[in-house]
1. Rounded to the nearest 5, what is the percent of antiparallel bridges among the DSSP beta bridges in the chain?
2. Which order, highest average first, do 36-46, 205-215 follow once you tally other Cβ atoms within 10 Å for each residue and take the mean per peptide?
3. Going by C-beta contacts inside 10 Å, put Trp70, Trp114, Trp12, Trp305 in order with the fewest on the left.
4. With charges only on Cβ, +1 for K and R and -1 for D and E, what is the dipole size of region 1-151 about its Cα centre, in debye, rounded to 20?
5. Where the centre of each part is set by its Cα atoms, how far does region 299-318 sit from region 98-175, in angstrom?
6. Would you please name the chymotrypsin sites (Phe, Trp or Tyr not before Pro) within region 208-248 that are DSSP coil residues with at most 14 other C-beta atoms within 10 Å of their C-beta?
7. Which order do the peptides 288-296, 54-62 come out in when sorted by mean C-beta neighbours inside 10 angstrom, highest first?
8. Taking the Cβ of Pro234 as the center, what net charge do the other residues with Cβ under 10 Å away carry, scoring Lys and Arg +1 and Asp and Glu -1?
Amino acid sequence: MIWERPSSAKPWSPQGFERYLEHYPATLWSVPPAQLDRTRAFLALWWAAERRVLPTDVAVVLTPGLFAEWLPTCFRAARRAFEADGHRVLQTPVRTSRGIRAQAGMLSERILAWLNPGERFVWCTHSRGGLDAFWALAHGSELARRCAAVVAVQPPVGPSWIADRWRGTGSAHGSRAAGDRAAPGGTTPDRTIGDRCMGLLLRRRLFRDGVRDICTDRDRAVADWLAKFSPPVPALHAVSWSLTPTSWLDSYHARLRALRPGHAHDGQFYLCDQRLPATPVVTLPALDHAQPVLGGLGLDTARLWRTLVACAWQDASETQTR
């Protein structure tokens, strides 16, 4: 298997997650328990000379997050990489207009119709695509039976403070996942005219339900499910912080810094709001929210997804042999 290195004088490195404290000293973060922390395993696989990922008879499904229908290069490098490795690959369509429950139903039907008889698959997801996938698996026994493992990168477990600001929901009360105040002294900056305009846009049918489900006023059934979440199949999720914006769509460093000074984020979601309960986790540094699917700043996106899948597959295989 050939790993492509992006043309960059300084390739991205997965080492150094702990440096977030140098840049974001007020960050709310609890160290993952040893039985859930897969960062060392990920690093070993990243640097390993032997990089076999999956048996070729295992399919790969790629599901991006919101707004992906307008991003033609989304997941392109990962798709080409898995196809080059000999896997059947499905990149599922997404609709930002759909909430999590509606999107999950569509994904389940699409994947089951695409799979060959008896074929199993690994599900690679980004951002809200991870929540869509987990809901589909939690509510579909046949889909869960066929899914060998899930990889969820930067899942929005807690609300988007940016979208909350735009829509005028929740930001004054802080993040439910973090249990923190919105800003020192319990105050928040006033919403600007731009915030209000974005709020009006995001309440249109084209965006309404999808964006609502990454906000504080998300679907109550989804919020209750997340509050007692446990992975329905072998799963791995990756969380990250970022210093440098990579995409106009998903990089709001200045706004997030103003809303919660000193708190680590990936340009869209705060670090603590990406954490899934009771789920193995990989912690990554200097990775902006759009980078895993769009690349940039020296990131080899194919290598990132291959390594995450290798780590998840390793976990799933060990679980089956116990």
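A short reminder: the numbers here are calculations on the coordinates, not readings from a lab. Keep in mind it's a predicted model, so treat the numbers as computed, not measured. Cβ placement follows ideal geometry from the backbone for every residue including glycine, while neighbour counts extend to all protein chains displayed.
1. Values: 2 of 25 bridges.
Antiparallel bridges: around 10 percent, rounded to the nearest 5.
2. Details: 36-46: 17.7, 205-215: 19.5.
The most tightly packed comes first, giving 205-215, 36-46.
3. Working: Trp70 9, Trp114 14, Trp12 20, Trp305 25.
Fewest-to-most Cβ neighbours within 10 Å comes out as Trp70, Trp114, Trp12, Trp305.
4. On the way: 19 positive and 13 negative charges, 31 e Å.
About 140 debye.
5. Result: 19 Å between the Cα centres.
6. In loop regions of region 208-248 (DSSP not H, G, I, E or B), the sparsely surrounded chymotrypsin sites (Phe, Trp or Tyr not before Pro) are Trp248.
7. Values: 288-296: 25.0, 54-62: 18.4.
Averaged packing, sorted descending, gives the order 288-296, 54-62.
8. Numbers: positive: none; negative: Asp315, Glu318.
It works out to a net charge of -2.
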